[in-house]
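Read the figures in this text as sums done on the coordinates, not as results from a lab. This one's a predicted model, so the numbers in the text were calculated from it and none came from an experiment. We place every Cβ from the backbone using ideal geometry, glycine too, and count neighbours over all the protein chains shown.
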Amino acid sequence: MPARPLLALWLLVAAGIVYGSLYPFSFGKELPEGGLLAALLASLSAFPSRGDLVSNLVLYLPFGMVGALAMRERLPRAARLAVVIGAGAALSCAVEFAQLFAVDRNTSAVDVLTNVLSTAGGAVFGAMLRPERLSVPGRLSVRDAMALVLVASWLAYRLAPFVPTLDLQHVKDALKGLRDGGFSPATFARITVAWLVVGIALRSGLTRAPRLALPLLAFATALAPLLIVRHALRIEDFAAAGAAWAFWSFVPPSRAASGLVLALHLLVITGIQLAPFDFAGPSHAFRWIPFAGYLEGSLETGVFAIFEKFFLYGTAVWLPFRLGKPLWPVAFAVAGALLVTELLQTQIPGRSAELADPLLALLAAAVCAGLHARR
């Protein structure tokens, strides 16, 4: 595999880590009494928030995986792991040190440990991928890694915040959602289309995807709120799982079926971007600073929102590419359409218009290009 696309993607991931960790780049925080040494010692006992832990996991896992893939032809496996893990450790230490001087940022030695472990996990997974077919040991082999990245992004969004619970009261509260939650046709349509996309991605991503993989994933995700905090069961999830399973049970896989799912997916994106279709104003500003809205609010919520947006826009780029369309023209067309909808959001009350969504579409295209460089 030509190393340059993956090496560029690795550097892009590193740049994203620096940007997300130091934004808004406001330095000048006063160190505690005792100076730099005291600040470093204080970091040993500081424990990050759950949002910080999740964001570190999300950022450094792909850093390790892409790094291992980028170094495949340059170094043997053991040396590759050592270099990538060392790079993750160096990057984490540099970022945490810079955060000592950044306003509204906290330095934690636990962050460094989490980042190194996440980098190592991603690097091991990247090293397991065989160079000839991007396949992993076992009966299932990976034909299209981007397809599985999109599936993982959707599942991560649906299962966030990944905090399990065995509390009986939580189970009772989660079950109340079936009785008191009502039924939203819009939510049902959005989730159904997402599972239709997952059905395509599973068949495209794996050489021998089990026939029951889609319904098992869909119904398990619908039931997951019983064991995950801050979730409740929704009738739309079960209805959408059944509808997607029924669709792919009766509709044979074909270009026409994939084209139909793509058209439905684009309608879903349009609805999400422009709802409630009220352009009465008053006009508000467009935010040109990338990802400012995600980084200024709850970090945990922002990370989960990025999972959903990456799935939505990544699918809008990947599905046409899978159908034979050139990747980058499609990516710029999707990014341009998203930019238009973001500009229209400046006239919709309660919406925040910014540059993040078009950039996520281009980022998804970069990931797709890197993962398909060999092919």
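Percent of Cα-Cα pairs more than 18 Å apart in segment 179-321, please. Don't skip to the end; give the middle numbers.
Working: 6630 of 10153 pairs.
Pairs farther apart than 18 Å: 65 percent.
Mind listing the phi-derived Karplus ³J(HN,Hα) values for segment 267-284, rounded to whole Hz, using 6.51, -1.76 and 1.60 with θ = phi - 60°, and x for any glycine or proline?
Values, residue by residue: 5, 4, 4, 4, x, 5, 5, 10, 4, x, 6, 10, 9, 6, x, x, 5, 10 Hz.
Hey, if you drop one equal point scatterer on each alpha-carbon of segment 255-375 and run the Debye formula without solvent, what base-10 log of I(q)/I(0) do you get at q = 0.09, 0.18, 0.19 Å⁻¹?
-0.26, -0.98, -1.07
Would you kindly derive the ³J(HN,Hα) couplings of segment 60-73 from the backbone phi angles with the Karplus curve 6.51 cos²θ - 1.76 cosθ + 1.60 (θ = phi - 60°), listing them in order in whole Hz, with x for Gly and Pro?
For segment 60-73, the Karplus curve yields 8, 4, x, 4, x, 5, 5, x, 5, 5, 5, 9, 4, 8 Hz.
Give me the net charge of LEU338's neighbourhood, meaning all other residues with Cβ under 10 Å from the Cβ of LEU338; Lys, Arg count +1, Asp, Glu -1. Each step should come with its number before you reach the end.
Details: positive: LYS309; negative: GLU342, ASP357.
Net charge in that neighbourhood comes out at -1.
Amide H of ARG287 versus every other amide H placed in the peptide plane: which residues, excluding those fewer than 5 positions away on the same chain, fall under 5 Å?
Those qualifying (amide H under 5 Å, at least 5 residues apart or on another chain) are ALA353, GLU354, LEU355.
Which far-off residues, 5 or more places away or on another chain, put their amide H under 5 Å from the one on ILE228, with H placed in the peptide plane?
Counting only residues 5 or more places away or on other chains, the set is THR165.
Highest mean first, how do 55-67, 166-178, 258-270 rank when packing is the count of other Cβ atoms within 10 Å averaged over residues? All intermediate terms of the calculation are to be shown ahead of the outcome.
Details: 55-67: 24.1, 166-178: 13.1, 258-270: 17.2.
Answer by packing, highest mean first, reads 55-67, 258-270, 166-178.
Relative to the present Cα-Cα distance, how much length would full extension add between LEU166 and LEU264 at 0.36 nm per residue of separation? Spell out each step's value before the answer.
Details: separation 98, 0.36 × 98 = 35.28 nm, distance 3.75 nm.
That works out to 31.5 nm of additional length.
So what's the net charge close to PHE101: Lys and Arg +1, Asp and Glu -1, counting the other residues with Cβ under 15 Å from its Cβ?
On the way: positive: LYS29, ARG105; negative: GLU30, GLU96, ASP104.
Net of charged neighbours comes to -1.
What order, most packed first, do the peptides 143-151, 272-280 have when packing is the mean number of other Cβ atoms within 10 Å of each residue?
Numbers: 143-151: 22.8, 272-280: 12.4.
Sorting 143-151, 272-280 by mean packing, highest first, produces 143-151, 272-280.
According to the Cα gyration tensor, what semi-axes, each the square root of 5 times an eigenvalue, does the equivalent ellipsoid of the chain have, listed from largest to smallest in whole Å? Walk me through the numbers on the way to the answer.
Numbers: eigenvalues 218, 146, 103 Å².
Gyration-tensor ellipsoid for the chain: 33, 27, 23 Å.
I need the peptides 356-368, 213-225 ranked by packing, meaning the mean over residues of other C-beta atoms within 10 angstrom, with the highest value on top.
Details: 356-368: 22.6, 213-225: 18.4.
Put in order of decreasing packing, that is 356-368, 213-225.
Using alpha carbon centroids, what distance separates segment 84-114 and segment 237-299, in Å?
35 Å
Using alpha-carbon pairs under 8 Å, 6+ residues apart, how would you state the relative contact order of the chain in percent?
18 percent
Can you give me the pair-distance distribution of segment 142-253, C-alpha pairs, 5 Å bins, whole percents?
So the P(r) values, bin by bin, are 2, 12, 20, 22, 19, 13, 7, 3, 1.
Debye calculation, C-alpha points only, no solvent: report log10 I(q)/I(0) for segment 289-338 at q = 0.24, 0.25 Å⁻¹, in the same order as the q values.
Cα-only, vacuum Debye calculation for segment 289-338: -0.86, -0.89.
Stokes-Einstein diffusion coefficient for segment 304-362 at 25 °C in a medium of 0.890 mPa s, Rh from the Kirkwood formula over Cα pairs: what value in µm²/s?
On the way: Rh = 11.9 Å.
Reported coefficient: 207 µm²/s.
Mark the label point 7 Å from the Cα of ALA285 along Cα→Cβ and return the residues of segment 344-375 whose backbone N is within less than 15 Å of it.
346, 352-355
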